[in-house]
Amino acid sequence: MNAGPQMVRWSVIGQSVRGASHKRSGAPNQDAIRRRYDRLGIPPIVLAVSDGHGSPKCFRSDRGARFAADIACQLTSQFLRKMGDSAPAIVKRETEARLPVGIVNAWRKKVDEDIRKNPFTEEELERVKLYVGASARTALEQGDPQQKALAYGATLLLTAAGQDYAFYLQLGDGNILTVWDHTPQPQVDAPLPEDATLLANDTTSLCMPNAHRLFRFRFQYFQGAPPAVIILSTDGYANSFSSMDDFFKVGSDLLQILRAEKQSKGKENKLKQRMALEKNLNDWLEDASINGSGDDVTVGIIYRQDVIGSENQHSAPSTHSAGAAI
Amino acid sequence: MPERPGGSLAKRPLQFIWIVDCSGSMQGRKIESLNLAIRESIKPMQDVADENPNAEVLVRVVKFSDGAQWHISQPTEVHGFKWSDLDAGGVTDMGKALTMVAEAMKVDMMPQRGLPPVLVLISDGQPTDDFKNGLKALMGQPWGMKAVRISIAIGEDADLDVLQEFIGNPEVKPLVASNVQDLTKKIKWASTVPLKAASNPASRPQGAANGGSNVQIPSPPADVQPSSPADVF
């Protein structure tokens, strides 16, 4: 990723709240969020969110989600370092060919390692027998690889944003939105196609055989300015809104909120600003879960630093584009 | 603090549909007991809805005898739901009823963010029309396939094979009600336990390793012995 003269600087905030229904039932927060970024905002920036399935069959999915987000961020950062200044077309080809399979393999390895270190307890196995059936318990005791992976089942959403491109990877439910600061109206879109099979509570998952083939992928080369904001969220967030239009409105509203922030100077002030934004985000997500889906809600937001305070600046010429897929 | 981003928030809709046999063989005590049992199940359903405030429970009713029709066509929020008694008479066009439910399960008729629907089929006999075609239409809809499907057999003449086929999961058996008290108990269970499970379902990974039901349903209640021989269907 080249550091050109008009270098983009990225910031990231994120929050994860335990679902209102999880609080009622005593279930933990089974979502996870991780990020890798340079403190000065120098690209690339990597953000991942994951949603553990949480059913009796997926009784360690909170760990599965943490492993997924950790691994995705770590592998993607390593991968991008390795790619260095490679041409976008090469990065695209390599990302598609290597990252999904690399993430799935590393996640499965981590699951096996976790089971070796923390074997299934009698209590866990008894719960599986009670709620799923004796055959599921037997399969776990016999080390059936599919049943073991199912215990940790989780989704994954990942974005890496650089100077002149971004890519998006998604396995399972949840949403990724990009917000473009077009004038006069911002444009909010979903960079990945919908998966029409993900209705009700069905999802694709890292625990499925051939999971790496089930990732949705988009590589976006910025022809103008990069997106102003990129939002990754677990399905508990979109499911909290009355309609998809109401959900997409999050994108334009967030851009407005960031534009209205005052520009802060100095590392410490910028950190304080991010912390204040995260506190607000936390309250918004609590509200969404209580008055919406009841599910765990996790949202990660990548934004261009120059968006902050831009409301008070002279409008830049509208040279932004929605990016080209290559 | 800036105003919360995004449009209005809402609970997730959960469609609950009674599919009720109103054929001639249901006349008399069966239909009377059913009317009473469903009427009595409304309060427990409302209680379940109150315990799961993130689900908006919407109830509808399809009846079938000579053909099928919506008895209550509008998805009605459970707290505003009122039962109006059904009458019995005619044949058992169960296939037509399932075709009608299939129409309601079409993707463009269902909210994308909905919870798995709950469909409860109640019958005392054998279908007189093309049941398989109706079931095929229902299972041809993604929401039909993902629905929690429960069936209740009233009396000994009910076709258990058909009711099992409707459920589509060998782990879940049709509930058999052999007397008035039993029917009340099974209807109460069918109207509350699957509803509770579907109100707050965990995600389900697609694929064979998972198997079984879309939503984990606890075991049904044990049979109730009749308090008098006159209660037996």
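The values are calculated or read from the model by the stated rules, or taken from the named source; none is laboratory data. Please read these numbers as outputs of a predicted model, since none were measured by experiment. Cβ atoms come from the backbone with ideal geometry, glycine included; neighbour counts cover every protein chain shown. Each accessible area value is taken on the protein alone, full model and side chains, heavy atoms only, with ligands, DNA and RNA left out. Shrake-Rupley method; radii C 1.70, N 1.55, O 1.52, S 1.80 Å.
The residues of the range B:144-158 that are in contact with a strand residue (DSSP E or B) (Cβ under 8 Å, 6 or more places away or on another chain), part of a loop (DSSP other than H, G, I, E, B) and more than 18 Å from residue B:99 (Cβ to Cβ), listed by number, are B:155, B:158. When the range B:1-26 is filtered for residues that are assigned to a strand (DSSP E or B) and out of contact with any Gly (no Cβ under 6 Å at 6 or more places or on another chain), the ones remaining, listed by number, are B:12, B:14, B:15, B:16, B:17, B:18, B:19, B:20, B:21.
None of A:296, A:287 is modelled with pLDDT of 95 or more, open to solvent by 10 Å² or more (accessible area, probe 1.4 Å) and not aromatic (Phe, Trp, Tyr) except A:287.
Number of residues in the range A:119-133 that are within 14 Å of chain B (Cβ to nearest Cβ) and not in a loop (DSSP other than H, G, I, E, B): the value is 5. Quick check on my filter: what residues within the range A:57-80 are aliphatic (A, V, I, L, M) and either open to solvent by 40 Å² or more (accessible area, probe 1.4 Å) or within 12 Å of chain B (Cβ to nearest Cβ) (or both)? Selection gives A:65, A:75.
Here residue A:47 does not fit the description of being assigned to a helix (DSSP H, G or I), touching a residue at least 60 places away in the same chain (Cβ under 8 Å) and closer than 30 Å to residue A:265 by Cα. Would you say residue B:143 is closer than 25 Å to residue B:44 by Cα and open to solvent by less than 50 Å² (accessible area, probe 1.4 Å)? No. Residue count for the range B:102-124 under the criterion of being part of a loop (DSSP other than H, G, I, E, B) and either open to solvent by less than 10 Å² (accessible area, probe 1.4 Å) or more than 17 Å from residue B:68 (Cβ to Cβ) (or both): the result is 10.
Taken over the range B:159-186, the criterion of being out of contact with any Phe, Trp or Tyr (no Cβ under 9 Å at 6 or more places or on another chain) and assigned to a helix (DSSP H, G or I) is satisfied by B:160, B:161, B:163, B:164, B:167, B:181, B:184, B:185, B:186.
Considering only residues that are among the β-branched types (Val, Ile, Thr), within 14 Å of chain B (Cβ to nearest Cβ) and surrounded by 22 or more Cβ atoms within 10 Å (Cβ to Cβ), which ones fall in the range A:189-244?
As a first pass, look at the range A:189-244 and keep what is among the β-branched types (Val, Ile, Thr): A:197, A:203-204, A:229-231, A:234.
The next check asks that each one be within 14 Å of chain B (Cβ to nearest Cβ); those that pass are A:197, A:203-204, A:229, A:231, A:234.
A:203, A:204, A:229, A:231, A:234, listed by residue number.
Looking at the range B:126-133, is at least one residue at pLDDT 95 or above, open to solvent by 20 Å² or more (accessible area, probe 1.4 Å) and outside any loop (DSSP other than H, G, I, E, B)? The answer is yes; a qualifying residue exists. Scan the range B:85-101 and tell me whether some residue there is within 27 Å of residue A:294 (Cβ to Cβ) and either open to solvent by less than 30 Å² (accessible area, probe 1.4 Å) or without any contact (Cβ under 8 Å) to a residue 24 or more places away in the chain (or both). Checked against the condition, which is being within 27 Å of residue A:294 (Cβ to Cβ) and either open to solvent by less than 30 Å² (accessible area, probe 1.4 Å) or without any contact (Cβ under 8 Å) to a residue 24 or more places away in the chain (or both), the range B:85-101 yields at least one hit. Exactly one residue out of B:8, B:25 is away from chain A (no Cβ under 14 Å) and either at positive phi or among the polar types (S, T, N, Q) (or both), and it is B:25. So how many residues does the range B:190-218 have that are at pLDDT 75 or above and within 8 Å of another protein chain (Cβ to nearest Cβ)? Final tally of qualifying residues: 9.
Across the range A:138-176, which residue is farthest from the other protein chains (Cβ to nearest Cβ) among those that are open to solvent by 30 Å² or more (accessible area, probe 1.4 Å) and part of a helix (DSSP H, G or I)? Top of the filtered list is A:141.
Right, residue A:272: touching a residue at least 60 places away in the same chain (Cβ under 8 Å) and either open to solvent by 80 Å² or more (accessible area, probe 1.4 Å) or in contact with a strand residue (DSSP E or B) (Cβ under 6 Å, 6 or more places away or on another chain) (or both) or not? Taking the combined requirement at face value, the residue does not satisfy it.
Does residue B:4 count as open to solvent by 60 Å² or more (accessible area, probe 1.4 Å) and within 25 Å of residue B:233 (Cβ to Cβ)? Considered against the rule, which asks whether it is open to solvent by 60 Å² or more (accessible area, probe 1.4 Å) and within 25 Å of residue B:233 (Cβ to Cβ), residue B:4 comes out as no. Per this entry, residue B:57 is not counted among residues that are surrounded by 15 or more Cβ atoms within 10 Å (Cβ to Cβ), within 14 Å of another protein chain (Cβ to nearest Cβ), of a type outside the set (Gly, Ala, Ser) and part of a helix (DSSP H, G or I). Taken as a whole, the structure places residue B:76 among residues that are assigned to a strand (DSSP E or B) and either open to solvent by 30 Å² or more (accessible area, probe 1.4 Å) or within 14 Å of another protein chain (Cβ to nearest Cβ) (or both).
Conditions tested, residue by residue: (1) of a type in the set (D, E, K, R); (2) not in a loop (DSSP other than H, G, I, E, B).
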{"position": "A:8", "(1), (2)": "no, no"}
{"position": "A:12", "(1), (2)": "no, yes"}
{"position": "A:21", "(1), (2)": "no, yes"}
{"position": "A:29", "(1), (2)": "no, no"}
{"position": "A:32", "(1), (2)": "no, yes"}
{"position": "A:70", "(1), (2)": "yes, yes"}
{"position": "A:74", "(1), (2)": "no, yes"}
{"position": "A:78", "(1), (2)": "no, yes"}
{"position": "A:82", "(1), (2)": "yes, yes"}
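Annotation: residue A:41 fulfils all but one of (1) outside any loop (DSSP other than H, G, I, E, B); (2) touching a Lys or Arg at 6+ places or on another chain (Cβ under 8 Å); the unmet one is (1). Has the range A:225-234 got any residue that is in contact with a strand residue (DSSP E or B) (Cβ under 8 Å, 6 or more places away or on another chain), free of Cβ contacts under 8 Å to residues at least 60 places away in the same chain and closer than 19 Å to residue A:12 by Cβ? Among the residues of the range A:225-234, not one is in contact with a strand residue (DSSP E or B) (Cβ under 8 Å, 6 or more places away or on another chain), free of Cβ contacts under 8 Å to residues at least 60 places away in the same chain and closer than 19 Å to residue A:12 by Cβ, which makes the answer no.
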